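Beneath this line is the structure, given in structure tokens, with notes to follow.
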Amino acid sequence: MRPSDVPRRWWFAAGAVVVLVVVALAYALVLDSFYADAASSKKALVSGVSRRDGIDVDANVVSVDPNDNEMTMRLSFVPHGSFRSPVGTLSTPMDLIINGTVDKGTIKFGAGEFMDPIDITLALDGRVTRYPFDSYNVVFDVFFVRPNDVSNGQELFVAPTRLATRAAVHGFDLRVRDVSARFHEPDFNFIRIRVERAASTLFFAVFIMVLMWALAIAGIAIATILTLVRHDIGPGVLGFLAALLFALPGIRQVLPGAPPLGALNDYLAFFWAEAIIAVTLSVLAVIFLRRELATWRRERAGSLRTEGDPRDTATR
């Protein structure tokens, strides 16, 4: 072993240790972020005050569908005080009014009935075509009034309501805020939910876009080398580009929560990569055919010169 090889080995070992430490720290930070998000999603945003006489509402986001601009939320109810009978049913009939829903705006509960949980659908304000950088907003409010108070146009009797909102859906980052002060309605609890793609979804989508551009640039580099340096263009290269051309749509479809074709990510990467690879494949195929045809003509001409012209033999 030469003495000069020892420092190199030390530098290599030190670099390997540094890389391992960095990877371990990044791994730990990612896991810590995951557990922090999971813990924060369990906490409910509580608006309103729980009173002896009132109805508590627990609102839990069940699903988010940006393609239809809809959010499904499950509401559970617990009456208290004068609104609750000894057996746990609702003691007086009440109408549940929901602002921001796309289907049921008023739900009736009769006296003596158990207040079973219900699912409501809220309208999202946003555009899915901006995937994966799309974001949405939804503002909703739920409150209880006596039957027919709204239709009669009289002053509303609003039952005291304590609203607890939880929002945690896989693949999305949901942020819940109490915006009741903006509406200047002291008896109403307005909740705003901001919906964005989760960091994991955003990272994977951006990674796929970068990968598509890298593959397209690699195809151009291969074509440039084969044409300018005049290397042989074999069926392997053409097969690779053809396979890549038909593989990219499949890669695009595995993006989490991706909308139909025509979103922002398609214009940023997918359409360009498909076009570049298709043009590169077509150009290489034409060059390959021209070279093969020229080679066949030269071989044909050489074989004719070797064999001689049969007409000259007949003349002699």
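What do you reckon, is Ala214 out of contact with any His (no Cβ under 6 Å at 6 or more places or on another chain), surrounded by 11 or more Cβ atoms within 10 Å (Cβ to Cβ) and assigned to a helix (DSSP H, G or I)?
Criteria met by Ala214.
Is it true that some residue in region 45-57 is closer than 20 Å to Arg192 by Cβ, at pLDDT 90 or above, surrounded by 12 or more Cβ atoms within 10 Å (Cβ to Cβ) and not assigned by TED's automatic domain parsing to the domain that holds Ala258?
yes
Give the residues of region 121-153 that are aliphatic (A, V, I, L, M) and at pLDDT 90 or above, sorted by residue number.
Leu122, Ala123, Leu124, Val128, Val138, Val139
Go through region 75-112 and give me each residue that's farther than 24 Å from Asn60 by Cβ and among the hydroxyl-bearing types (Ser, Thr, Tyr).
Of everything in region 75-112, those that are farther than 24 Å from Asn60 by Cβ and among the hydroxyl-bearing types (Ser, Thr, Tyr) turn out to be Ser82, Ser85, Ser91, Thr92.
Take the residues of region 227-244 that are part of a helix (DSSP H, G or I) and without any contact (Cβ under 8 Å) to a residue 40 or more places away in the chain: which is surrounded by the most Cβ atoms within 10 Å (Cβ to Cβ)?
Leu244
Filter region 58-83 down to residues that are under 30 Å from the mean Cα position of the chain (by Cα) and at negative phi, then give me how many there are.
18
Quick check on my filter: what residues within region 250-260 are more than 15 Å from Arg130 (Cβ to Cβ) and over 11 Å from the mean Cα position of the chain (by Cα)?
Across region 250-260, the qualifying residues are Gly250, Ile251, Arg252, Gln253.
Keeping to region 191-207, report how many residues are surrounded by 20 or more Cβ atoms within 10 Å (Cβ to Cβ) and of a type outside the set (D, E, K, R).
5
Of all residues in region 93-132, how many are surrounded by fewer than 18 Cβ atoms within 10 Å (Cβ to Cβ), small (Gly, Ala, Ser) and either touching a helix residue (DSSP H, G or I) at 6+ places or on another chain (Cβ under 8 Å) or on the phi > 0 side of the Ramachandran plot (or both)?
2
Among the residues of region 67-77, is any out of contact with any strand residue (DSSP E or B) (no Cβ under 8 Å at 6 or more places or on another chain), loosely packed, with under 14 Cβ neighbours inside 10 Å, in the same structural domain as Phe143 (by TED's automatic domain parsing) and at pLDDT 80 or above?
yes
Is it the case, given these coordinates, that Ala273 is outside the structural domain of Thr101 (by TED's automatic domain parsing), small (Gly, Ala, Ser), assigned to a helix (DSSP H, G or I) and crowded, with 19+ Cβ neighbours inside 10 Å?
Against the criterion (outside the structural domain of Thr101 (by TED's automatic domain parsing), small (Gly, Ala, Ser), assigned to a helix (DSSP H, G or I) and crowded, with 19+ Cβ neighbours inside 10 Å), Ala273 qualifies.
Hey, can you tell me all the residues within region 285-304 that are closer than 13 Å to Asp232 by Cα and of a type in the set (Asp, Glu)?
Across region 285-304, the qualifying residue is only Glu292.
Can you name every residue in region 261-280 that is under 19 Å from the mean Cα position of the chain (by Cα) and touching a residue at least 60 places away in the same chain (Cβ under 8 Å)?
Across region 261-280, the qualifying residues are Gly262, Ala263, Leu264, Asn265, Ala269, Phe270.
The values are calculated or read from the model by the stated rules, or taken from the named source; none is laboratory data. Computed from a predicted structure; not experimentally measured. Cβ coordinates were reconstructed from backbone atoms using ideal geometry, including for glycine residues, and neighbour counts include every protein chain displayed.
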